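The values are calculated or read from the model by the stated rules, or taken from the named source; none is laboratory data. A quick note: this is a predicted structure, and the numbers were derived from the prediction, not measured. No Cβ is skipped: glycine too gets one built from the backbone with ideal geometry, and neighbour counts run over all protein chains shown. Keep in mind that these areas ignore ligands, DNA and RNA; they rest on the heavy atoms of the full protein, side chains included. Shrake-Rupley method; radii C 1.70, N 1.55, O 1.52, S 1.80 Å.
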Amino acid sequence: FPVTIGEVLKFENDIIVLGDVNPGGLVVSHGNIFILGKLSGIAHAGFGGNQEAIIAASYLEAAQLRIAHLVYSASDWSEEEKNDREMMFVCSENGKMFFRKINQLVKSRPHLINQLNSIKSSGMQSDL
């Protein structure tokens, strides 16, 4: 379901959005945010101070990204970041936000991959 202008999705746990987050749309989570679509709106992961949270999207074109108290707006994007936006995630390290390819997630957040694998292997349902 796409998130459209004026819509706000707020969750206590990790969230997976199946669809685009359009300009004017906002997704907020105390945990991680995974967008299986284009992120053009605003995403705030780690709401409440979780600096280990990430934002992942099939395509990043966000107006604004937030992890915990860190804010990164579209005007902050480097030329390299503007040209390489497919299958990316954003994380915070040492008080700064970094953009990485999704295949580097296992290096950056191995505990997250282990958590996802344990859910998959146990057959349990999750609020991810």
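Spin-label model, residue 94 to residue 59: label points 7 Å out along the Cα-to-beta-carbon direction sit 3.4 nm apart.
Ellipticity at 222 nm from helices only: DSSP H runs of n ≥ 4 in the chain, each -39500 (n - 2.57), divided by the residue count, give -4500 deg cm²/dmol. The phi-based Karplus calculation (6.51 cos²θ - 1.76 cosθ + 1.60; θ = phi - 60°) puts the 3J(HN,Hα) values of the range 48-53 at x, x, 6, 6, 8, 5 Hz, whole numbers, x for Gly and Pro.
Database remark: amide H of residue 37 closer than 5 angstrom to the amide H of 19, 58, 59 (H placed geometrically; neighbours at sequence offset of 5 or more, or on other chains; Pro and chain starts carry no H).
Per-residue accessible area (protein heavy atoms, 1.4 Å probe) orders 8, 27 as 8, 27, starting from the largest. Placing +1 on the Cβ of every Lys and Arg and -1 on the Cβ of every Asp and Glu, with nothing else charged, gives the range 43-92 a dipole about its Cα centre of roughly 240 debye. Taking every DSSP beta bridge that has both ends in the chain, the antiparallel portion is near 40%. Applying a DSSP loop filter and a limit of 10 other Cβ atoms within 10 Å to the GluC sites (Glu not before Pro) in the range 21-94 leaves nothing.
Of 30, 69, the order by accessible heavy-atom surface (1.4 Å probe, DNA, RNA and ligands excluded), from most exposed downward, is 69, 30.
Residues whose amide H comes within less than 5 Å of that of residue 52, counting only those at least five positions distant or on another chain, are absent (H built at 1.01 Å from N in the peptide plane).
Evaluated with a Cβ-only charge set (Lys, Arg +1; Asp, Glu -1), the range 1-119 carries a dipole of roughly 180 debye about its Cα centre, given to the nearest 20. Pairwise Cα distances in the range 24-116 exceed 22 Å in 16 percent of cases. The alpha-carbon positions of the range 1-47 define a convex hull whose volume is 50 Å³ per residue.
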